[in-house]
1. Regarding region 82-96, can at least one residue be identified that is in contact with a Cys (Cβ under 9 Å, 6 or more places away or on another chain) and among the charged types (D, E, K, R)?
2. Checking the structure you have, find out if any residue of region 89-110 is basic (Lys, Arg) and under 22 Å from LEU50 (Cβ atoms).
3. Return only the number of the condition from (1) closer than 23 Å to THR15 by Cα; (2) buried (at least 22 other Cβ atoms within 10 Å of the Cβ) that VAL109 does not satisfy.
4. Within region 85-98, restricting attention to residues that are among the aliphatic types (A, V, I, L, M) and in contact with a Gly (Cβ under 9 Å, 6 or more places away or on another chain), which residue is surrounded by the fewest Cβ atoms within 10 Å (Cβ to Cβ)?
5. Among the listed residues VAL79, VAL70, VAL149, VAL156, which satisfies the condition of being touching a strand residue (DSSP E or B) at 6+ places or on another chain (Cβ under 8 Å) and over 24 Å from GLY41 (Cα atoms)?
6. Can you confirm whether ARG115 is more than 23 Å from THR9 (Cα to Cα) and touching a residue at least 40 places away in the same chain (Cβ under 8 Å)?
7. Within region 69-77, is even one residue at pLDDT 85 or above, buried (at least 17 other Cβ atoms within 10 Å of the Cβ) and of a type in the set (Gly, Ala, Ser)?
8. Considering region 112-125 alone, what residues qualify as being among the hydrophobic types (A, V, I, L, M, F, W, C) and buried (at least 20 other Cβ atoms within 10 Å of the Cβ)?
Amino acid sequence: MATVQSLLTAEQYATLPDLDGHHELVRGEIVYMNMPSFRHGRICAKIARLLGYYVDLNDLGHILSNDSGVITQRNPDTVRGADVAFYSYAIVPKGTDPRMYAPKPPELVFEVKSRDDRWSKIHEKVAEYLKVGVRTVWVVDPETETGAVHHAERPVQSLTREAVLRFPDLLGDFELPVAKIFE
C-alpha cells in the first residue's frame, strides 16, 4: 500500500528539528542543495557587513543573512533562503524579531550565485521574490564579477565590476562599488 506524503507549510518547516544539509522548502517539499563555497560565503558576508554598517548608522532597519527564510508562496508553501536581505523598520519594527519568518517580504534581497547553481533556478527564485513583493533583487555572479539588478516593473540592469550599486528609493545615498564586494 502506498503512503501519501503531505506537503509542509512554512510554519511546519520552520519548526522541524535540525535537518542535515542545506535546504529550502519548495512548493511544500524540502529540496536539498550543496553547501555554498568559501567564496560565496565571503561575498555574502561582505555584502551584509557593508550594507549592515550603512543601515545601522542610519537606523533604517534589519539586515539578515545565512539563508534566512522568506515565504515566497502559499498553498503549497515555498520558503527561500535569501543570502542577504534588508527589512526596513516599516516591515519589521525596531526592537522586534519575528519568531519564525517575517510577516512580509524584505524590500531588498541579494542572491549570490553558487558554483553549482543553474541560471534557470536563480531566475525562478528571483521571479518568486518579485511576485511576493520584494522591490529589488540583486543577483551577484562571482565567476564574472558582475551583477544584475531586478525590479518588478523595470528592465534588468546589468552591472560590471566598475559600476556603483545604488538603491535611492530604499537606502537614500547608500553606494556600493561592485568591485568592493569581490575584494
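The values are calculated or read from the model by the stated rules, or taken from the named source; none is laboratory data. The structure displayed is predicted, hence computed values, not measured ones. All Cβ positions, glycine included, derive from the backbone under ideal geometry; neighbour counts span all protein chains shown.
1. The first filter runs over region 82-96 and keeps only residues in contact with a Cys (Cβ under 9 Å, 6 or more places away or on another chain), leaving 83-84.
Now narrow it down to the ones that are among the charged types (D, E, K, R): 83.
Within region 82-96 (the criterion being in contact with a Cys (Cβ under 9 Å, 6 or more places away or on another chain) and among the charged types (D, E, K, R)), the answer is yes, since at least one residue qualifies.
2. Restricting attention to region 89-110, the residues satisfying the condition of being basic (Lys, Arg) are 94, 99, 104.
Then drop every residue that is not under 22 Å from LEU50 (Cβ atoms), which leaves 94.
Scanning region 89-110, I find at least one residue that is basic (Lys, Arg) and under 22 Å from LEU50 (Cβ atoms), so the answer is yes.
3. (1)
4. Looking only at region 85-98, we keep the residues that are among the aliphatic types (A, V, I, L, M), and these are 85, 90-92.
If we keep only those that are in contact with a Gly (Cβ under 9 Å, 6 or more places away or on another chain) as well, we get 90-92.
Details: ALA90: 10, ILE91: 16, VAL92: 18.
The qualifying residue surrounded by the fewest Cβ atoms within 10 Å (Cβ to Cβ) is ALA90.
5. Values: VAL79 fails: over 24 Å from GLY41 (Cα atoms); VAL70 fails: over 24 Å from GLY41 (Cα atoms); VAL149 fails: over 24 Å from GLY41 (Cα atoms).
Sole residue among the options that is touching a strand residue (DSSP E or B) at 6+ places or on another chain (Cβ under 8 Å) and over 24 Å from GLY41 (Cα atoms): VAL156.
6. Values: more than 23 Å from THR9 (Cα to Cα): yes; touching a residue at least 40 places away in the same chain (Cβ under 8 Å): yes.
When the stated conditions are applied, ARG115 passes them.
7. Start the filter on region 69-77 by keeping residues that are at pLDDT 85 or above, which leaves 69-76.
Next cut, buried (at least 17 other Cβ atoms within 10 Å of the Cβ) only: 69-73.
From what is left, the residues that are of a type in the set (Gly, Ala, Ser) are 69.
Yes - at least one qualifying residue is present in region 69-77.
8. Keep residues of region 112-125 that are among the hydrophobic types (A, V, I, L, M, F, W, C), which gives 112, 119, 122.
Listed by number, the list holds a single entry, VAL112.
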